[in-house]
């Protein structure tokens, strides 16, 4: 069989616009894109929109936007299968004329009965080639039909080489005469992809391993059409923590959801590229490094477990490196929240200081956004239960005394800290208890970042107001 070994690399990503882009699909697109960039080849996108019931323009727009957000863009015009139905029909008819495919007039009812008989006998159903046997002797004029491809295999096992899985062997008896064109004129997946990949001059097909058993059917069709066969590479599945197929509970959500949760596109791609691929022990990669190091040789043959905590760690690593302006822009574009407008009473210095206060403590920008609002707005609820474990009895008196201490104080972080430290020493209080009490007054919770920095950001007037508020609630 001819393999396109010496052609310039051309790969494709071919989503169906029947939903938002899933993270597993993003990883497939990313692997293809990195492979193309590594070899200075072309990355193409094809929209497989022949499911006219479920495919929508809205989902297509969402898919394309998610890819763009991830930094993955096509190097050519996007192909749409829905615009190519006449081409598929002509190729199917040509195969029939060449004796490599045939019209099948079996009804759905007849096929269902055969399927039920096979299942009752404990066998896997395979089409019995009824119409292939009698295609020239029976008059079916006017009856609806499908077109089936004639599968001809001379060996008990069909063996093909996969760049990730190695030699893959599938029993020939499991490959039946499959439908390439339905009676309503719509095309099937295994037929359309071969026609499209040939026209797009695809050299490498890098896709999920769920397509592994489609490959023999496609290779046979390539051979029947006299086309060169691309190199196949099937990526292992992303698994849940239990080792089973990834479920929504484990993190099988769309890219849109991760974006809205405040995950950075660069961090998400960094995490996904490490699911099933490695370059030594390195965990954090720049885009340039991913392109430089990526190859099919380093993709693992077994599935990789999705770990949301690891993703959070990677995301946190990226957040730490962002500037204040970058954070504000990403929150505005991805979370659709204008933090400058929402915290309009603050100066740029206050806003930047509050971002810095939490930047090293969060895993997502949504967390950061929520924390900033918690500081900016007056507490709407107080964690009384945890406060009672500290100094519930003396809390009011302590806050009243501190309020007096702050009256003439220059409100700068170190000076606030020195004042509180002296107060604790004079009155024999634990510093940690008092800082937690003050934090409770500021944001309604006893835990969090430096309360002295927080108080300096809020300013004396706001701090005094919040202390008075909590005293009134006690």
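The values are calculated or read from the model by the stated rules, or taken from the named source; none is laboratory data. As the structure is a prediction and not an experimental result, all values here were calculated from the model. Counting neighbours? That spans all protein chains shown, and the Cβs are built from the backbone with ideal geometry, glycine included.
Being in a loop (DSSP other than H, G, I, E, B), outside the structural domain of residue 93 (by TED's automatic domain parsing) and more than 30 Å from residue 246 (Cβ to Cβ): is that true of residue 201 here?
yes
Kindly indicate whether residue 214 is in the same structural domain as residue 26 (by TED's automatic domain parsing) and touching a helix residue (DSSP H, G or I) at 6+ places or on another chain (Cβ under 9 Å).
Spelling it out, residue 214 is indeed in the same structural domain as residue 26 (by TED's automatic domain parsing) and touching a helix residue (DSSP H, G or I) at 6+ places or on another chain (Cβ under 9 Å).
Answer yes or no: is there a residue in segment 38-49 that is more than 26 Å from residue 277 (Cα to Cα), in the same structural domain as residue 228 (by TED's automatic domain parsing) and more than 20 Å from the chain's Cα centre (by Cα).
Yes, segment 38-49 contains at least one residue that is more than 26 Å from residue 277 (Cα to Cα), in the same structural domain as residue 228 (by TED's automatic domain parsing) and more than 20 Å from the chain's Cα centre (by Cα).
Quick check on segment 306-333: of everything there that is buried (at least 17 other Cβ atoms within 10 Å of the Cβ) and not in a helix (DSSP H, G or I), which residue is modelled with the highest pLDDT?
322
Being closer than 25 Å to residue 205 by Cα and surrounded by 15 or more Cβ atoms within 10 Å (Cβ to Cβ) is true for just one of 291, 342. Which residue is that?
Testing whether each residue is closer than 25 Å to residue 205 by Cα and surrounded by 15 or more Cβ atoms within 10 Å (Cβ to Cβ) leaves just 291.
Taking residue 185 and the conditions (1) closer than 21 Å to residue 16 by Cα; (2) not in a loop (DSSP other than H, G, I, E, B), which numbered condition does it fall short on, given that it satisfies the others?
Answer for residue 185: the failing condition is (2).
Restricting to helices (runs of 4 or more DSSP H) lying wholly in segment 348-459: which have 1 or more residues that are more than 30 Å from residue 268 (Cβ to Cβ) and over 44 Å from the mean Cα position of the chain (by Cα)?
Those helices (runs of 4 or more DSSP H) span 395-405, 413-427, 431-443.
Would you confirm, using the coordinates I've provided, whether residue 77 is more than 30 Å from residue 262 (Cα to Cα) and touching a residue at least 60 places away in the same chain (Cβ under 8 Å)?
no
Give 127, 178 a once-over and let me know the one that is at pLDDT 95 or above, surrounded by 11 or more Cβ atoms within 10 Å (Cβ to Cβ) and either touching a strand residue (DSSP E or B) at 6+ places or on another chain (Cβ under 9 Å) or under 30 Å from residue 86 (Cβ atoms) (or both).
178
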